[in-house]
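The values are calculated or read from the model by the stated rules, or taken from the named source; none is laboratory data. Bear in mind the structure is a predicted one, so any value in this text is a computation, not a measurement. Cβ atoms come from the backbone with ideal geometry, glycine included; neighbour counts cover every protein chain shown.
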Amino acid sequence: MKYFIIAGEASGDLHASHLMRELKRADGNAEFVFFGGDLMLHEGGTLLKHYREMAFMGLIPVLLNLGKIKKNFRIAEQKLLEFKPDVLILVDYPGFNLRMAEFAHLHGIKVFYYISPKIWAWKTKRVHKVKKFVDEMFTIFPFETAFYKKYNYPVRFVGNPTIDELFSRPNQQETFIEFLMRNNLTNKPIIALLAGSRRQEIKRILPVLAEVSLRFPEFQFVIGGAPSQHQSLYSEVLGKIPIPVVFGQTYELLQQSSAALVASGTATLETAYLQIPQVVCYRIEAGKLGTVVKDLIVKIPYFSLVNLIANREIVKELFQQYCTVDAVGNELKRILSDTDYREFMLKGYNEVISALGRPGCAERAANMMIELLRTK
């Protein structure tokens, strides 16, 4: 069968590449045309546009690149009609992909969505476009089933790709000493700092976490470097505070840590899976006004995935004006010294990981997709 896939970010490239691998295993005649990245290209097929030419985040970047965005739409629409796929598979990236879903639907092309856009958090009205233009939605969080059920739209929960990545992660048997030696670290216990992946995110959050590190001289703080960033950014933000950065070793770093200070996102799940107590920290622009805006726009009670999945507070969330050196430092001290508090958190982690299901997310999704395409 013929598959046209659109992934507009690095994470989408990763998840789509795994899906492509499983589609090939189950369908020996699989053909791919796609918008994506190097990981998808490694699986074969024709890359039409790299996600680096598509990833415009925020109002100003979008406005400045409207011409490029419109050109990308024209290319996607033209190539979709030329390729005549059995299905258009969309991976997250809602602004672009929901428009493509509408275009494909109007031209009689079946539309599958793999990894739901976060319309359960904001821009909830997009659910009506999903209902109208997406034939099948394959979700990765259990709470998404309940969200879509409110709108009478059944979805297919396939598990979570993060579980797959963690289950097969490298260096699982590495010792603490081996990790220290490999990265030229001291023999102090480690606190991991995961300050996000985007440049502005790191510049807002890392200064607070760096100041916290000065209050815990008995520990060494180590930053898990974002793959999209360079050492120069961390050196610029840290100034005279000497904190080492390790790249491409986030799982290994967490595995050897006593605790972690984590920006909201998938990293909170990764930290939970590896059973590391954490403080979740996040800051946006606009100071206290940012909290007001969040409360008006965001439609969910928590912003960390761990708490969202559990539907209760398992980890402390420190957002905006509450994300201060004192608050983060006090919470870190608590998870390091209060055994009962740590055990409560770790017990909650087990509930969350259990709810996400077993490894095999991409395989389940691929098998479901092929069965649906063959039977309809």
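Highlighted here are the helices (runs of 4 or more DSSP H) found entirely within region 317-376 that include at least 3 residues which are more than 28 Å from residue 210 (Cβ to Cβ) and at pLDDT 95 or above: 339-355, 361-375.
Taken together, the criteria place residue 102 among residues that are over 28 Å from residue 303 (Cα atoms), outside the structural domain of residue 274 (by TED's automatic domain parsing) and part of a helix (DSSP H, G or I). Report, by residue number, each residue of region 166-199 that is part of a helix (DSSP H, G or I), under 27 Å from residue 15 (Cβ atoms) and touching a residue at least 60 places away in the same chain (Cβ under 8 Å). Hits for region 166-199 are 166, 167. Applying a threshold of 8 Å to beta carbon distances and a minimum spacing of six or more residues, or different chains, the list of pairs starting in region 354-376 at a residue that is β-branched (Val, Ile, Thr) and ending at one that is surrounded by 17 or more Cβ atoms within 10 Å (Cβ to Cβ) and in a helix (DSSP H, G or I) reads 370/23.
Whenever a residue of region 295-320 is under 20 Å from residue 350 (Cβ atoms), its partners that are among the aliphatic types (A, V, I, L, M) and modelled with pLDDT under 85, lying with C-beta atoms within less than 8 angstrom and at least six residues away or across chains, give the pairs 308/300. When each of 290, 265, 248 is tested for being at pLDDT below 95, more than 21 Å from the chain's Cα centre (by Cα) and not charged (D, E, K, R), the lone residue that passes is 290.
Only a single criterion out of (1) at pLDDT 95 or above; (2) at negative phi; (3) exposed (fewer than 15 other Cβ atoms within 10 Å of the Cβ) is not satisfied by residue 68, namely (1). Only a single criterion out of (1) within 16 Å of the chain's Cα centre (by Cα); (2) within 23 Å of residue 277 (Cα to Cα) is not satisfied by residue 174, namely (1). Looking only at region 5-35, residues that are more than 17 Å from residue 371 (Cα to Cα) and more than 16 Å from the chain's Cα centre (by Cα) come to 6 in all.
Among the helices (runs of 4 or more DSSP H) confined to region 1-65, the ones with at least 1 residues that are surrounded by 18 or more Cβ atoms within 10 Å (Cβ to Cβ) and either polar (S, T, N, Q) or at pLDDT 95 or above (or both) are located at 10-26, 38-42. For region 102-134, a residue qualifies if it is over 25 Å from residue 308 (Cβ atoms) and buried (at least 17 other Cβ atoms within 10 Å of the Cβ), and the qualifying residues are 103, 104, 105, 109, 110, 111, 133. Within region 76-97, the residues that satisfy the criterion of being under 28 Å from residue 311 (Cα atoms) and in a helix (DSSP H, G or I) are 94, 95.
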